[in-house]
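Structure first, then comments.
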Amino acid sequence: MIIKNAKLVTEENKTKIQDILIKDGKIKRIADYIEVIDEEVIDANDKLILPGGIDVHVHLREPGFTHKETIKTGSLAALHGGYTTIMPMPNINPFPDNVEVIKAYQALLQKDGACNIYPYACITRGEIGKHLVDMKAIKELGISWFSDDGVGVQREDMMYKAMQSAHENDVMIVAHTEDMRYRKVKACMHEGKRNKELDLIGIPSACEFKQIERDLQLAYETKAKYHICHMSSKESVELLKKYKQMGADVSGEVTTHHLLLNEHDVENTNHKMNPPLRSKEDQQALINGLLEGVIDFVANDHAPHSEEEKKAPMDSAPFGIVALETSIPLIYTKFVKKGIFTLEQFQKFISTNPAKRFGFDTKGSIQEGYDADIICIAEKVGKIDKKAFISLGKNTPFDQYDVACEINFSMVNGIIKYTSKEVQNEA
């Protein structure tokens, strides 16, 4: 296959129109002109071609909660949104906390997944925080990432043991940080100004950053690889900056919704997520942290729920929103088009940096020898429409938001797995 007339990012906001030859699932050659012999041809018509998005923080809900999402719908939603590689968190049923369960889970992902899927295993059995999983045995199955996402590891001694084991086995701890001592019953949004206006119990920033502080110190002491999920507070950013400067092997992510929204945007349960939308000051600190390289990339905590579940009152509805089909168009529209992010930064935040951090050595860049995981982004004015989501979850605060682009196609290992209706009609 040859992609003709592809607009490739060179540096900053500079681009170059080139052809891409794809063979055996790899990018074989990139040149100003490649002669067509007997290859299939896709004409990109000078549209933006990027490495496929890599989201290291999603929830596919299967097995166990297929009324919310399935492996098939979640992975197809990823392709619709421009993500060619996703990493599902382990809070499913049964928990992937032992070799037997993980083998069955991997077979299910292989059978039903439409894109590249690299699952997490639990840090502790059943995510209860009492017994460490066998990281060595699980790593032999190809899994090098461990998380108790959704609850966090509350006991310091257990997290210390986990990090020791992670260092010994050269795997990564990926942490949902939440010190439950700081969280009251029925707390459902940030403890700031807006929660008082709505007469709702708030979650203080200390709930997040106190455990981040503990974990960063443990990572520094044990020399473990450690990654912070969905950072939300200015204190978290400062702590990560401090420990990076100290030489700790640590990183962090931020969601698109924490970059775009703050506590004053909260209106209903589609604005309820954990960690919550925090203050305007926190929001700006997250944007600055990403731009300065303190926060490494964007990952979105795609968390589908049924409409019935989200109809519950604010203090009892489940936390979380869907994100796979909205993140890339929103970042492009709200940050790239406004000149806040360059095209080069955009590419790094959604693909290059997560690939580097998580060890996907042949992903995250349009280079010869790399996997042909490629997306095409077309300039097109439109609106986000949750009714058009492939995901079973429609729980988004961004329905009817204006966007300035769409995903024309998503390619995985040299095979086009998704095309927009417009591209299908042209074909």
Residue check: is Asp38 part of a loop (DSSP other than H, G, I, E, B), buried (at least 17 other Cβ atoms within 10 Å of the Cβ), among the acidic types (Asp, Glu) and on the phi < 0 side of the Ramachandran plot? no
I'd like the full set of residues that are crowded, with 19+ Cβ neighbours inside 10 Å and not small (Gly, Ala, Ser), limited to the range 395-415. Asn395, Thr396, Pro397, Phe398, Val403, Cys405, Glu406, Ile407, Asn408, Phe409, Met411, Val412
Quick one: would you say Met273 is in contact (Cβ under 8 Å) with a residue 12 or more places away in the chain, in contact with a Phe, Trp or Tyr (Cβ under 7 Å, 6 or more places away or on another chain), over 19 Å from Met89 (Cα atoms) and not charged (D, E, K, R)? no
Can you spot a residue in the range 199-217 that is of a type in the set (D, E, K, R), in a loop (DSSP other than H, G, I, E, B), at pLDDT 95 or above and in contact with a helix residue (DSSP H, G or I) (Cβ under 8 Å, 6 or more places away or on another chain)? no
Matching entry among Ile340, Ile375 (being at pLDDT 95 or above and crowded, with 18+ Cβ neighbours inside 10 Å): Ile375
Sort out which residues of the range 208-240 are aromatic (Phe, Trp, Tyr) and more than 21 Å from the chain's Cα centre (by Cα), and write them in order of number. Tyr220
Cross-chain or 6+ apart pairs with Cβ under 7 Å, the range 345-360 first and within 13 Å of Ile86 (Cβ to Cβ) and modelled with pLDDT of 95 or more, then charged (D, E, K, R) and not in a helix (DSSP H, G or I): Ala355/Lys363
Report yes if Lys196 is over 16 Å from Pro96 (Cα atoms), among the charged types (D, E, K, R) and part of a loop (DSSP other than H, G, I, E, B), otherwise no. no
Search result, residues across the range 15-33 that are touching a residue at least 60 places away in the same chain (Cβ under 8 Å) and either in a strand (DSSP E or B) or of a type in the set (D, E, K, R) (or both): Thr15, Ile20, Ile22, Lys23, Asp24, Lys26, Ile27, Lys28, Arg29, Ile30
Listed residues Asp32, Asp19, Asp43; which is among the acidic types (Asp, Glu), at pLDDT 95 or above and surrounded by 17 or more Cβ atoms within 10 Å (Cβ to Cβ)? Asp19
Go through the range 133-161 and give me each residue that's touching a Lys or Arg at 6+ places or on another chain (Cβ under 7 Å) and either at pLDDT below 95 or crowded, with 19+ Cβ neighbours inside 10 Å (or both). Val133
Looking only at the range 297-327, which residues are assigned to a loop (DSSP other than H, G, I, E, B), touching a residue at least 60 places away in the same chain (Cβ under 8 Å), surrounded by fewer than 24 Cβ atoms within 10 Å (Cβ to Cβ) and of a type in the set (D, E, K, R)? Asp315
Counted residues in the range 104-130 being closer than 17 Å to Glu69 by Cα and of a type in the set (Val, Ile, Thr) come to 1
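Yes/no per residue for (1) closer than 23 Å to Glu325 by Cα; (2) in a loop (DSSP other than H, G, I, E, B); (3) in contact with a strand residue (DSSP E or B) (Cβ under 6 Å, 6 or more places away or on another chain):
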| position | (1), (2), (3) |
| --- | --- |
| Tyr226 | no, no, yes |
| Ser232 | yes, yes, no |
| Ser236 | no, no, no |
| Tyr243 | no, no, yes |
| Leu259 | yes, no, no |
| Asn274 | yes, yes, no |
| Gln283 | yes, no, no |
| Ile287 | yes, no, no |
| Val294 | no, yes, no |
Here is a check on your reading of the model: is Asp112 under 30 Å from Ala388 (Cα atoms), acidic (Asp, Glu) and surrounded by fewer than 22 Cβ atoms within 10 Å (Cβ to Cβ)? yes
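The values are calculated or read from the model by the stated rules, or taken from the named source; none is laboratory data. What you see is a predicted model, and the numbers here were worked out from it, not measured in a lab. Backbone-built Cβ (ideal geometry, glycine too); neighbour counts: all protein chains shown.
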